[in-house]
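Read-outs: derived from the displayed coordinates by stated rules, not from any lab. Quick caveat: nothing in here was measured; it's all calculated off a predicted structure. Ideal geometry is used to build each Cβ from the backbone, glycine not excepted, and the neighbour counts take in all protein chains shown.
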Amino acid sequence: MKMTERLIAAINEQINKELYSAYLYRSMAMDTAERALDGVTNWLNLQSREEMGHAETMISYLEGRGVRPELKPIAGVPNSFGTLREILTQSLHHEQSITKSIEEIVKMATEDHDYGVRIFFEKFVVEQEEEEENAQHNLDRLDLIGEGAIAIFDKEMGMRE
């Protein structure tokens, strides 16, 4: 089955969003590295690599369907982010926006009767639920521990592999 042009455009846009996400998390990591928050920096760098992996997976999917992906310019990302709480809040909001975008692709694939695309992106819906849960958990932990005990929080964040 040939993929519809609107689905191709939506997936190309999602690839761009995943690449932006990788840049965003990497920029956040550079910000936290300057503050000697090694654990948070590690967590953010892992997030960046994960987002880059999502983009690569989507690129491979399009290629497997006989579609050449269109790599578009990536919007600039901020270079500073405020407090650690502000960074974690931005991470949560960003993940929520990515979830909505992926859900739109699933909806569009269903409308276009492209069940291959729908099934492919459903795993990302599940993963996004986990990403939002993790982002909220990070905020909750920081609130529980408090910014005064940031070294404890940083150590916990550094345990992610």
- prompt: Charges only on Cβ, +1 for Lys and Arg, -1 for Asp and Glu: so what's the dipole of the stretch 42-150 about the Cα centre, in debye to the nearest 20?
  reply: 340 debye
message: If each residue of separation counts as 0.36 nm, what is the full-extension length gain between Ile145 and Ser97 once their alpha-carbon separation is subtracted?
response: 14.6 nm
- prompt: Over what distance in Å are the Cα centres of the stretch 27-58 and the stretch 82-135 separated?
  reply: 18 Å
- prompt: What lysines sit close enough to Lys100 to cross-link, taking a C-alpha to C-alpha distance under 16 Å and skipping anything fewer than 8 places away on the same chain?
  reply: Lys17, Lys123
- request: Place a label point 7 angstrom from the Cα of Arg35 along the Cα-to-Cβ direction, then list the residues of the stretch 89-104 whose backbone nitrogen is under 15 Å away.
  value: 89-92
